[in-house]
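The values are calculated or read from the model by the stated rules, or taken from the named source; none is laboratory data. None of these values were measured; they are calculated from a predicted model. Here the Cβ is made from the backbone with ideal geometry for all residues, glycine too, and neighbour counts use every protein chain on show.
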Amino acid sequence: MRALFHRVWAPLVATSALAGLAHAEIFDIIVGPGGDFVFSQPDITIEVGDTVRWTWESAGHNVGSGLPGDPTPFFLSGPPADVGTIFEVTFDQAFLDANAVPDNIYAYHCHPHGDLGMVGSITVVPAPGSMALFGVALIASARRRRR
Ligand SMILES: [Cu+2]
């Protein structure tokens with residue numbers, strides 16, 4: 001019975017972990033909507049593993065991490081670009097580890113228009129499923145050790 005339990009549990013935990021990864025979302029931000037010097041939803045909160053996708057609705061903008069006049073090297077779309085440009089950043093654990101900032105808050109701005117208020121921020125929080133899965137894995141391994 002116990003052997004059966006563990007034969008069932010291990011694949012279940014592995015499958016759940018994969019399902020968690022598949023839940024990563026894409027958050028869309030419009031760059032320069034209506035020709036205004038703004039981002040459509042400048043300050044957003046996402047979960048680890050999610051992707052932010054900026055799409056240019058007007059020309060002459062870019063997206064770079066950091067504050068106006070104080071850029072950081074974490075991400076940069078390139079020079080100011082044309083309508084239809086798309087720039088994506090995936091804020092997975094590897095990105096967070098390589099580009100650590102306090103509270104996982106990534107400020108960003110448009111270089112030409114940052115001083116005009118074309119700024120935003122991405123706050124990255126843990127995916128709720130990740131801790132639950134961690135708990136399940138701990139319980140499974142504890143039971144295994146007790147055999
Ligand atoms: Cu701009």
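When you look at residue 74, is it under 12 Å from residue 124 (Cβ atoms), within 15 Å of the chain's Cα centre (by Cα) and assigned to a helix (DSSP H, G or I), yes or no?
Working: under 12 Å from residue 124 (Cβ atoms): yes; within 15 Å of the chain's Cα centre (by Cα): yes; assigned to a helix (DSSP H, G or I): no.
No; evaluated as a whole, the condition is false for this residue.
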Can you say whether residue 120 is in contact (Cβ under 8 Å) with a residue 60 or more places away in the chain, surrounded by 15 or more Cβ atoms within 10 Å (Cβ to Cβ) and assigned to a strand (DSSP E or B), as far as the supplied structure shows? yes
Being more than 16 Å from residue 108 (Cβ to Cβ) and at pLDDT 95 or above is the requirement here; does residue 88 meet it? no
Taking only segment 99-109 into account, find how many residues are among the hydrophobic types (A, V, I, L, M, F, W, C) and either surrounded by fewer than 12 Cβ atoms within 10 Å (Cβ to Cβ) or in contact with a Phe, Trp or Tyr (Cβ under 7 Å, 6 or more places away or on another chain) (or both). 1
Restricting the first residue to segment 84-109 and requiring it to be over 16 Å from residue 48 (Cα atoms), which pairs with a second residue that is among the polar types (S, T, N, Q) and in a loop (DSSP other than H, G, I, E, B) meet a Cβ separation below 6 Å and a spacing of at least six or different chains? 87/77
Among the residues of segment 15-33, is any among the polar types (S, T, N, Q), modelled with pLDDT of 95 or more and exposed (fewer than 15 other Cβ atoms within 10 Å of the Cβ)? no
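Within the bounds of segment 82-98, is there any residue that is surrounded by 12 or more Cβ atoms within 10 Å (Cβ to Cβ), among the acidic types (Asp, Glu) and away from the ligand (no atom under 16 Å from the Cβ)? Even if it seems obvious, please write down each step before you answer.
Keep residues of segment 82-98 that are surrounded by 12 or more Cβ atoms within 10 Å (Cβ to Cβ), which gives 83, 85-93, 95-96.
Now drop any that are not among the acidic types (Asp, Glu), which leaves 88, 92.
Filter once more, so that each one left must be away from the ligand (no atom under 16 Å from the Cβ): 88, 92.
Within segment 82-98 (the criterion being surrounded by 12 or more Cβ atoms within 10 Å (Cβ to Cβ), among the acidic types (Asp, Glu) and away from the ligand (no atom under 16 Å from the Cβ)), the answer is yes, since at least one residue qualifies.
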